[in-house]
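*Asks:* Pasting a structure below so you can have a look.
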Amino acid sequence: MFDNLTDRFEEIFSRIRGKGRLSEAEVDAVLREIRAALIEADVNVGVVRSFIERVRANTVGEELFRSLSPAQHVIKVVNAELTNALGGENLKISYASKPPTVVLMAGLQGVGKTTAAAKLALWFRHQGRNPLLVAADLQRPAAVEQLRVLGGQASVPVFSVPGDPVNTARSGVEEARRIGRDVVIVDTAGRLSIDQELMDEVRKISESIAPNYTFLVVDAMIGQDAVNSAKVFNDALALDGIILTKLDGDARGGAALSVRQVVGKPISFVSTGEKLADFDLFYPDRMANRILGMGDVLSLIEQAERTLDKEIAEKGAKKLKGGKFDLEDFLEQMQQIKKMGPLKGVLSMLPGMPKEIRNADIDERELVKVEAIISSMTKAERTNPDMIDGSRRLRIANGAGTTTTAVGTMLKQFKDMQKMMRSMGMGGPSPTKKSPNRSNSKKKKRR
Amino acid sequence: MITVTIVLAVAIVLIASTIYFVSRNSRSKLSPPSNSSIVTQLPPKSPETGIAPGKAESFPENLVPPADIKRGLGRARLAFSRLFGSILGSNGSSQQVWEELEDALLLSDLGMELTNRVLEGAKASLESTGETDGLGMAEAVKAQLRSLFVEESRDLVYSEESPTVWLVVGVNGVGKTTSIGKLAAMAASDDRKVVLAAGDTFRAAAADQLQMWAERTGADIVRSIPGADPSSVVFDSIQRAAARGFDLVIADTAGRLHTKSNLMDELRKLRRTAEREPGHLTEVLLVLDATTGQNGLVQAREFAKAVGITGVVLTKLDGSAKGGIALAAEAELGVPIKLVGVGEKVRDLIVFSPDEFLDALLDVDSQDDLSNED
């Protein structure tokens, strides 16, 4: 999400960075480019206009010309406005003092409401709650069945009665009270914002169950229309937040920005994958940092703490410091990193990652191959790769199901890497740009 | 905090180096030339095939004549009409009108690049003709928009030998299954015998949803257990259609984001299965949601690359969305928009016509009755 936006901003800023003076025409040109970047990211035209106007109001004038580095000033203003546009705190759920806490899900067709409902149920379960899912989408064929299956996967009971959706929703909340579930999530039928009848229906559902939280489910791929439909839903239902789905695609997600601006409601949750667990609270401030290329270190730390084995990580760090990082450690650490999820995701959270790396086509299967090669070595070979001669190489290749060339290349790359790590020590600048022999070894590679 | 820092440092160093490692490996092998053959040569279309909008009489009783595209376009049309109304009233050279026009095009999700192209083109043609009035400007813009559409038949193609196979693909939640239901109804009203292949074995209850459509339209359905190999479902459907002398197999597929390379590989395999005798694959239809923004273009590009789409089905055009992205896709990839969904009823899937679409969008005269309707 927003990755392309980050790239575009980087590109635009790099052209003015370091300029001693900025003429008004130059500022105009930058603003035009920012406008194009935002529109291409599906931010609403109206929202873009007011964004640009605010930036312009804060950049032109005396301050800009007094500033020692005018470009820096422009960047600062854009950053501030962007943080402001996305800004706000993340959602902190306050549970109803008299359970159950009622949650209503609404949205257009096909945005992923039913799946989001099940994911939210699982999220509540992980918070130590006992949710009940209520299937009040009686419109789409087999929607109830879909929620049943998903509820089964999340180990959350699903309630539904055929007939009238308003009645179903109400009975669902009563059922939760009766069997002592403390959170009720009501899934409703997808509807078009211009369909008055269906909008009335969802309003009636809302009135009859008086939800504590009403979430609008929005597809991250949505275009300019996001603003219209969000407005209509907000008028009918008084939304509490937005759930943004399908963030695992390459949509630029500008709609998130416009919806927040126009409706004034924050993004509360994001859904980032096909698995039910791929769902989490949204942290607006962290996302703003990510857009601006400042990385999302907080999320990374949390994720690292959750998944990494501290001892192994510390051991690795020590070895790194002492310059004794060998293949054995590499294997161990690699297995750790894998636990943190797809490399690309982890990478996007790192600050200061050059674009070439963020966008590199990462094939996770390569990791498996590397792992297989190292696993096929003896302990001694792993600590002292120099001892690997032709026959050992052949044995390793056979064990890993690959060629001796691949083993050779891997060893050479590891050596390069060792050198690189030694030269940069800990926490130095990003090493990847000045990797030695890069073009050389690329040429040598063949498959 | 110290341990956290250490953990983090290791993570960063390792990730950076691993990436360095992996990206070098994978970059050097840069995917072998795509072997997915793209259908460029479809069997010649026989005149009686395809779905003619005028075939109202032959629809079964519950399938009344196709909906009116104007009604479906609803708001989109209204916005444009208003705009064109104001253009007509203006003198065409005012900067403000051009800006309004730009906004309107951008708001339809046409995208920055095409919007600029349309506006620049219109300005250039106005300059050459020397016209400055509003009417001339409206005509020029319309002509520019018209030129973005490809000149290609938008009829759905049947092969000469049965069974014809249509593969329906797209990202999650665009309305694939519903579109297939409507397609089945169209084909049935054309006296075609249809088998639906429940190739979405991933989404919970997708097959049930398709089953309901099969019952509603009198089509046959082949389904399997959840998680089954979709290719086998498609294979079985074609076998069944051939054995029983059915005309058409419409294959549903699980929604997949075009960024999931393993799922796109699965789709390639599905296509190969659908191409195999006795089936005759004539259509790979990409279903695009009209509310989709600029990502729709990426979707079209990626699906075209993977399985060679022959047409676009634009759904949910009855909302306030304008589907400009489908036009962008048509202009860039040359893949025609073949059908549009303008409502929830079976009959609300209609054959697309660029001229009707533009007339409806830009029809100034009838904006009053539309406002009333609204």
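The values are calculated or read from the model by the stated rules, or taken from the named source; none is laboratory data. Every value quoted in this text rests on a predicted model; they were computed, and no experiment measured them. Heads up, the Cβs are rebuilt from the backbone with ideal geometry, glycines too, and the neighbour counts pull from every protein chain shown. Areas reflect the complete protein model, heavy atoms only, side chains present, ligands, DNA and RNA absent. Shrake-Rupley method; radii C 1.70, N 1.55, O 1.52, S 1.80 Å.
*Asks:* Which ones in the range A:87-107 are open to solvent by less than 20 Å² (accessible area, probe 1.4 Å) and not polar (S, T, N, Q)? First the steps, then the outcome.
*Replies:* Here is the first cut: in the range A:87-107, the residues open to solvent by less than 20 Å² (accessible area, probe 1.4 Å) are A:87, A:100-107.
Those that are open to solvent by less than 20 Å² (accessible area, probe 1.4 Å) and not polar (S, T, N, Q): A:GLY87, A:PRO100, A:VAL102, A:VAL103, A:LEU104, A:MET105, A:ALA106, A:GLY107.
*Asks:* Pick from the range B:281-299 the residues that are farther than 20 Å from B:VAL342 by Cβ and at pLDDT 95 or above: which of them is farthest from the chain's Cα centre (by Cα)?
*Replies:* Ranking the candidates gives B:LEU281 first.
*Asks:* For a quick check of your reading of the model, give me the residue pairs whose first member lies in the range A:381-409 and is loosely packed, with under 14 Cβ neighbours inside 10 Å, whose second is among the β-branched types (Val, Ile, Thr) and in a helix (DSSP H, G or I), with beta-carbon atoms closer than 8 Å and at least 6 apart or on different chains.
*Replies:* Within 8 Å, the pairs are A:GLY390/A:THR404; A:LEU394/A:THR404.
Results for (1) open to solvent by 10 Å² or more (accessible area, probe 1.4 Å); (2) modelled with pLDDT under 80, shown as yes or no for each residue.
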{"site": "B:TRP98", "(1), (2)": "yes, no"}
{"site": "B:ALA104", "(1), (2)": "yes, no"}
{"site": "B:LEU107", "(1), (2)": "yes, no"}
{"site": "B:GLY111", "(1), (2)": "no, no"}
{"site": "B:THR115", "(1), (2)": "no, no"}
{"site": "B:VAL118", "(1), (2)": "no, no"}
{"site": "B:GLU127", "(1), (2)": "yes, no"}
{"site": "B:THR132", "(1), (2)": "yes, yes"}
{"site": "B:LEU135", "(1), (2)": "yes, yes"}
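*Asks:* Shifting gears a bit: Among A:THR115, A:THR168, which is the only one that is closer than 30 Å to B:THR292 by Cβ, assigned to a helix (DSSP H, G or I) and of a type in the set (Val, Ile, Thr)?
*Replies:* On the way: A:THR168 fails: closer than 30 Å to B:THR292 by Cβ.
Sole residue among the options that is closer than 30 Å to B:THR292 by Cβ, assigned to a helix (DSSP H, G or I) and of a type in the set (Val, Ile, Thr): A:THR115.
*Asks:* In this structure, is A:ASP250 within 27 Å of B:GLY341 (Cβ to Cβ) and either crowded, with 24+ Cβ neighbours inside 10 Å or hydrophobic (A, V, I, L, M, F, W, C) (or both)?
*Replies:* On the way: within 27 Å of B:GLY341 (Cβ to Cβ): yes; either crowded, with 24+ Cβ neighbours inside 10 Å or hydrophobic (A, V, I, L, M, F, W, C) (or both): no.
Against the criterion (within 27 Å of B:GLY341 (Cβ to Cβ) and either crowded, with 24+ Cβ neighbours inside 10 Å or hydrophobic (A, V, I, L, M, F, W, C) (or both)), A:ASP250 does not qualify.
*Asks:* In the range B:261-277, is there at least one residue being of a type in the set (Gly, Ala, Ser) and either in contact with a Phe, Trp or Tyr (Cβ under 6 Å, 6 or more places away or on another chain) or crowded, with 17+ Cβ neighbours inside 10 Å (or both)?
*Replies:* Filtering the range B:261-277 down to residues of a type in the set (Gly, Ala, Ser) leaves B:261, B:274.
Filter again for either in contact with a Phe, Trp or Tyr (Cβ under 6 Å, 6 or more places away or on another chain) or crowded, with 17+ Cβ neighbours inside 10 Å (or both), leaving B:274.
Yes, the conditions are met somewhere in the range B:261-277.
*Asks:* Sticking with this structure for a sec: Taking the range B:150-183, which residues are more than 30 Å from A:ALA116 (Cβ to Cβ) and open to solvent by 10 Å² or more (accessible area, probe 1.4 Å)? Can you show your working first?
*Replies:* First pass over the range B:150-183, keeping only residues more than 30 Å from A:ALA116 (Cβ to Cβ): B:150-166.
Hits for the range B:150-183 are B:VAL150, B:GLU151, B:GLU152, B:SER153, B:ARG154, B:ASP155, B:VAL157, B:SER159, B:GLU160, B:GLU161, B:SER162.
Table: residues versus (1) out of contact with any His (no Cβ under 8 Å at 6 or more places or on another chain); (2) at pLDDT 85 or above; (3) within 14 Å of another protein chain (Cβ to nearest Cβ); (4) within 19 Å of A:ILE242 (Cβ to Cβ).
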{"residue": "A:ALA37", "(1), (2), (3), (4)": "yes, yes, yes, no"}
{"residue": "A:VAL43", "(1), (2), (3), (4)": "yes, yes, yes, yes"}
{"residue": "A:ASN58", "(1), (2), (3), (4)": "yes, no, no, no"}
{"residue": "A:ILE75", "(1), (2), (3), (4)": "yes, no, no, no"}
{"residue": "A:VAL78", "(1), (2), (3), (4)": "yes, no, no, no"}
{"residue": "A:GLU81", "(1), (2), (3), (4)": "yes, no, no, no"}
{"residue": "A:ALA85", "(1), (2), (3), (4)": "yes, no, no, yes"}
{"residue": "A:LEU91", "(1), (2), (3), (4)": "yes, no, no, yes"}
{"residue": "A:ALA106", "(1), (2), (3), (4)": "yes, yes, no, yes"}
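*Asks:* Right, here's the next one. Quick check, is A:GLU53 modelled with pLDDT of 85 or more, open to solvent by 30 Å² or more (accessible area, probe 1.4 Å), out of contact with any helix residue (DSSP H, G or I) (no Cβ under 7 Å at 6 or more places or on another chain) and within 18 Å of A:ARG260 (Cβ to Cβ)?
*Replies:* Yes; evaluated as a whole, the condition is true for this residue.
*Asks:* Moving on to the next point. Restricting attention to the range B:190-206, which residues are among the charged types (D, E, K, R) and within 12 Å of chain A (Cβ to nearest Cβ)?
*Replies:* Within the range B:190-206, the subset among the charged types (D, E, K, R) is B:190-193, B:200, B:203.
Passing the criteria: B:ASP200, B:ARG203.
*Asks:* Count, please, the residues in the range B:306-324 that happen to be at pLDDT 90 or above and either under 17 Å from A:ASP42 (Cβ atoms) or within 14 Å of chain A (Cβ to nearest Cβ) (or both). It would help to see each step written out before you state the result.
*Replies:* Going through the range B:306-324, the residues at pLDDT 90 or above turn out to be B:306-315.
Narrowing further to those that are either under 17 Å from A:ASP42 (Cβ atoms) or within 14 Å of chain A (Cβ to nearest Cβ) (or both): B:313-315.
Total meeting the criteria: 3.
*Asks:* Only one residue in A:ASP225, A:ASP296, A:ASP248 is among the acidic types (Asp, Glu) and modelled with pLDDT of 85 or more. Which one?
*Replies:* On the way: A:ASP296 fails: modelled with pLDDT of 85 or more; A:ASP248 fails: modelled with pLDDT of 85 or more.
That would be A:ASP225, the only listed residue that is among the acidic types (Asp, Glu) and modelled with pLDDT of 85 or more.
*Asks:* Please give the number of the condition A:ALA169 fails out of (1) open to solvent by 10 Å² or more (accessible area, probe 1.4 Å); (2) under 22 Å from A:VAL111 (Cα atoms).
*Replies:* (1)
*Asks:* Going through A:GLY273, A:GLY190 one at a time, which residue ends up being more than 9 Å from chain B (Cβ to nearest Cβ) and part of a loop (DSSP other than H, G, I, E, B)? Give the steps one after another, and end with the answer.
*Replies:* Working: A:GLY190 fails: more than 9 Å from chain B (Cβ to nearest Cβ).
After applying the criteria, what remains is A:GLY273.
*Asks:* Ok, one more. I'd like the residue in the range A:360-380 that is at pLDDT below 85, under 17 Å from A:GLN333 (Cα atoms) and open to solvent by 50 Å² or more (accessible area, probe 1.4 Å) and, out of all such residues, is farthest from the other protein chains (Cβ to nearest Cβ).
*Replies:* Per the criteria, the residue is A:VAL368.
*Asks:* Moving on. Has the range B:232-253 got at least one residue that is within 13 Å of chain A (Cβ to nearest Cβ), modelled with pLDDT of 95 or more and open to solvent by less than 10 Å² (accessible area, probe 1.4 Å)? Explain how you work it out, then say what you get.
*Replies:* Filtering the range B:232-253 down to residues within 13 Å of chain A (Cβ to nearest Cβ) leaves B:252.
In the following step, the residues that additionally are modelled with pLDDT of 95 or more were identified as B:252.
Of the ones still in play, those that are also open to solvent by less than 10 Å² (accessible area, probe 1.4 Å) are B:252.
Among the residues of the range B:232-253, at least one is within 13 Å of chain A (Cβ to nearest Cβ), modelled with pLDDT of 95 or more and open to solvent by less than 10 Å² (accessible area, probe 1.4 Å), which makes the answer yes.
*Asks:* Sticking with this one: Using the structure shown, decide if A:ILE222 is under 20 Å from B:GLY175 (Cβ atoms), out of contact with any Lys or Arg (no Cβ under 9 Å at 6 or more places or on another chain) and among the aliphatic types (A, V, I, L, M).
*Replies:* yes
*Asks:* In the range A:242-263, which residues are among the polar types (S, T, N, Q) and within 11 Å of chain B (Cβ to nearest Cβ)? Lay out the reasoning, then the answer.
*Replies:* At the first step, the residues of the range A:242-263 found to be among the polar types (S, T, N, Q) are A:245, A:258, A:261.
Within the range A:242-263, A:THR245, A:SER258 meet the criteria.
*Asks:* Next question, about the same structure. When only residues in the range A:215-241 that are under 28 Å from A:GLY163 (Cβ atoms) and crowded, with 24+ Cβ neighbours inside 10 Å count, which is nearest to the other protein chains (Cβ to nearest Cβ)?
*Replies:* Among those that are under 28 Å from A:GLY163 (Cβ atoms) and crowded, with 24+ Cβ neighbours inside 10 Å, it is A:SER229.
*Asks:* Please state which of the following conditions B:SER58 fails to meet, knowing it meets all the rest: (1) at pLDDT below 60; (2) open to solvent by 10 Å² or more (accessible area, probe 1.4 Å); (3) within 23 Å of the chain's Cα centre (by Cα).
*Replies:* The failed condition is (3).
*Asks:* Another one. For the subset of the range A:133-150 comprising residues that are buried (at least 23 other Cβ atoms within 10 Å of the Cβ) and in contact with a Phe, Trp or Tyr (Cβ under 9 Å, 6 or more places away or on another chain), which member is nearest to A:VAL183 (Cα to Cα)?
*Replies:* Top of the filtered list is A:LEU133.
*Asks:* Further question on the same structure: State whether the residues of the range B:171-189 include one that is farther than 24 Å from A:ILE222 by Cβ, more than 14 Å from chain A (Cβ to nearest Cβ) and part of a loop (DSSP other than H, G, I, E, B).
*Replies:* no
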